[in-house]
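No value in this document is a laboratory result; all are computed from the given coordinates. Nothing here was measured: the structure is a model prediction, and the numbers come from that model. When we count neighbours, we look across all protein chains shown, and the Cβ atoms used for this are built from the backbone with ideal geometry, even at glycine.
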Amino acid sequence: MSRITTFLGFESQAEEAVKHYTSIFESSRITSTLRYNEGAPFPKGTVMTVEFELDGQRYVALNGGPHFKFTDAFSLSVACETQDEIDRYTEKLLAGGGEQGPCGWLKDRFGMSWQVNPTILPRLLGDKDPAKSGRAMQAMMGMKKLDIAALKRAFEG
C-alpha cells in the first residue's frame with residue numbers, strides 16, 4: 001500500500017461523488033466507509049470518509065463542510081486511447097450538471113476538475129518540429145472536448 005493517498009474534501013457529497021466515480025471507471029470500487037460519531041461536526045451516522053479506488057488508484061473522500069471547495073489547481077487526468085473513450089468519459093463526468101471547459105478540461109457536478117485527454121497528445125504537442133507541435137497546440141486551444149482526428153489533421157498541416 002502506498003504511503004501517499006490523494007485525499008478529496010467535499011462539503012457533504014463525498015459518498016454520492018464516490019458512487020458516481022466508481023460507476024464510470026472499470027476496476028473501481030469502494031473499499032470502506034467511515035461515519036461520524038457523537039461530538040463530530042456532522043450528525044452522528046453521517047458519512048465522514050469513503051475510501052475507494054478508481055482504476056486501481058487509491059483515494060479518500062471526506063465530508064468536511066462548506067469550506068472545502070475544489071479549484072482548477074487540482075484535477076484528475078483521464079488518459080484515453082480512442083475518441084470513443086474521450087466521448088464516453090466526458091459524457092459520464094458531465095452527467096447531472098457538470099460543465100465542459102476548454103482544452104479537454106471539465107468540472108463535474110461536484111466541482112471536481114478533470115482532464116479527459118488522448119494519450120497521443122504529449123507526442124503531438126512535444127514534437128521536435130515546432131510548426132507541427134504549434135498547429136496541434138493551436139487546434140487544442142480552440143477545442144472544448146478534444147477531438148483526436150482534428151488534432152492529428154492540424155499537426156500534419
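Among the lysines of the chain, pairs at least eight places apart or on separate chains and with Cα atoms under 15 Å apart come to 7.
Over the chain, what relative contact order in percent results from Cα pairs under 8 Å that are six or more residues apart?
Working: 290 pairs, mean separation 29.6, N = 157.
It rounds to 19 percent for the chain.
Based on the Stokes-Einstein relation at 20 °C and a viscosity of 1.002 mPa s, and on the Kirkwood radius from alpha carbon pairs, the chain is assigned a translational diffusion coefficient of 125 µm²/s. Springs between Cα atoms under 10 Å define the GNM used for the chain, and in it the highest mean-square fluctuation of Leu93, Leu106, Leu54 occurs at Leu54.
The modelled label-to-label distance for the pair Thr82/Glu26, using points 7 Å beyond Cα in the direction of Cβ, is 1.0 nm. Select from Ala17, Ala40, Ala95 the residue whose mean-square fluctuation is largest in a Gaussian network model of the chain (Cα-Cα springs shorter than 10 Å). Of Ala17, Ala40, Ala95, the most mobile in the Gaussian network model is Ala40.
Set the Förster distance to 41 Å, then compute FRET efficiency between Thr33 and Met143 from the Cβ-Cβ distance, nearest 0.05. Once the sixth-power term is evaluated, E becomes 0.60. The ratio of the alpha-carbon radius of gyration of segment 72-157 to the globular-protein estimate 2.2 N^0.38 Å is 1.09. Among the chymotrypsin sites (Phe, Trp or Tyr not before Pro) within segment 13-107, those in coil by DSSP and having at most 14 neighbouring Cβ atoms inside 10 Å are Phe74.
Work through the residues other than Ala154 whose Cβ is under 11 Å from its Cβ and net out their charges, Lys, Arg +1 and Asp, Glu -1.
Charge balance near Ala154 sits at +2.
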